[in-house]
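Below is one structure; the comments refer to it alone.
The values are calculated or read from the model by the stated rules, or taken from the named source; none is laboratory data. If you're wondering where the values come from, they're calculated on a predicted model, not measured in any experiment. For neighbour counting, all protein chains shown are included, and Cβ atoms are generated from backbone atoms with ideal geometry for every residue, glycine included.
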Amino acid sequence: MNEADLKQKLDRSIVLVGMMGSGKSSIGRRLGRRLGMQFVDADQEIETAAGCAIPDIFRLYGEAAFRAGERKVIDRLLGEPPRILATGGGAFMEEETRAQIKSRSISVWLRANLDILLERVSRRDDRPLLQQGDPEAILKRLIEERYPTYEQADIIVDSGDGPHELVVEAIVERLCKQVENIQGSQEIEASR
Ligand code: S3P
């Protein structure tokens, strides 16, 4: 399947998952432009819904409340017309949220190594999980905890320190194959 067919056939959202600093928002925005699809950042939608910034949600209500809000917002967004959706790093770790993403979208894990993540997260200080101690040690622990689960994404693409356009290119290539496979299995299903 080529890119023009992909644009026509894509009937579900593309959900970007991966660690803080893996480039979900910047790559997601570019991917949206490339495929002519709207880009939405789940974290921003959560802030809008809560009328409160993420660090404040964590501080005032705790992580469990944040995760509940995150689940609701992602559920709502997945029910809307297809788009590119960037999710916060912990979203795909939540069983129910992951099940929704797996069944209603094509998930893409932007895999990045510790050095790249560290360099990127150092540019912002609004991530509550990294305020709880040494960011390097926290990221290392989260990598160990999360990477085996992120592996369940439909597509895995490495997000290195090269141009984002290369990552976008790799995603588009993999999406063409993925959508072709989905179409193939739908045709088999229909012929039964
Ligand atoms: C989190 C990642 C953040 C945000 C929240 C929790 C996580 O999003 O959802 O601070 O658990 O990894 P980004 O991955 O966009 O930084």
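Tell me, which helices (runs of 4 or more DSSP H) wholly within the stretch 1-83 include 2 or more residues that are under 30 Å from D115 (Cα atoms) and modelled with pLDDT of 95 or more?
In the stretch 1-83, 24-35, 42-50, 54-61, 63-78 are the helices (runs of 4 or more DSSP H) which contain 2 or more residues that are under 30 Å from D115 (Cα atoms) and modelled with pLDDT of 95 or more.
Please find, among S159, S191, the residue that is farther than 22 Å from A4 by Cβ and in contact with a Gly (Cβ under 6 Å, 6 or more places away or on another chain). Steps first, answer last, please.
Values: S191 fails: in contact with a Gly (Cβ under 6 Å, 6 or more places away or on another chain).
Going through S159, S191 in turn, the sole match is S159.
Which residue is farthest from the ligand (Cβ to nearest atom), if the candidates are limited to the stretch 7-55 and must be of a type in the set (D, E, K, R) and more than 17 Å from H164 (Cα to Cα)?
Start the filter on the stretch 7-55 by keeping residues that are of a type in the set (D, E, K, R), which leaves 7, 9, 11-12, 24, 29-30, 33-34, 41, 43, 45, 47.
Restricting the remaining residues to those that are more than 17 Å from H164 (Cα to Cα) gives 7, 9, 11-12, 41, 43, 45, 47.
Values: K7: 26, K9: 29, D11: 26, R12: 21, D41: 7, D43: 5, E45: 11, E47: 10 Å.
The residue in question is K9.
Please find, within the stretch 90-107, the residue that is nearest to the ligand (Cβ to nearest atom) out of those that are out of contact with any strand residue (DSSP E or B) (no Cβ under 6 Å at 6 or more places or on another chain) and either under 21 Å from R127 (Cβ atoms) or touching a residue at least 60 places away in the same chain (Cβ under 8 Å) (or both).
Quick first cut of the stretch 90-107, residues out of contact with any strand residue (DSSP E or B) (no Cβ under 6 Å at 6 or more places or on another chain) only: 90-91, 93-100, 102-104.
This time we only want the ones that are either under 21 Å from R127 (Cβ atoms) or touching a residue at least 60 places away in the same chain (Cβ under 8 Å) (or both), so: 90-91, 93-94, 97-98, 104.
Numbers: G90: 3, A91: 7, M93: 7, E94: 10, T97: 11, R98: 13, R104: 20 Å.
For the stretch 90-107, the residue satisfying everything is G90.
Let me confirm something: among L85, L78, which residue is buried (at least 17 other Cβ atoms within 10 Å of the Cβ) and away from the ligand (no atom under 14 Å from the Cβ)?
Values: L85 fails: away from the ligand (no atom under 14 Å from the Cβ).
So the residue among L85, L78 that is buried (at least 17 other Cβ atoms within 10 Å of the Cβ) and away from the ligand (no atom under 14 Å from the Cβ) is L78.
Name the pairs whose Cβ atoms lie under 9 Å apart, with the first residue in the stretch 6-34 and surrounded by 20 or more Cβ atoms within 10 Å (Cβ to Cβ), the second in a loop (DSSP other than H, G, I, E, B) and β-branched (V, I, T), and 6 or more positions between them or separate chains?
V15/T87; L16/T87; V17/T87; G18/T87; K24/T87
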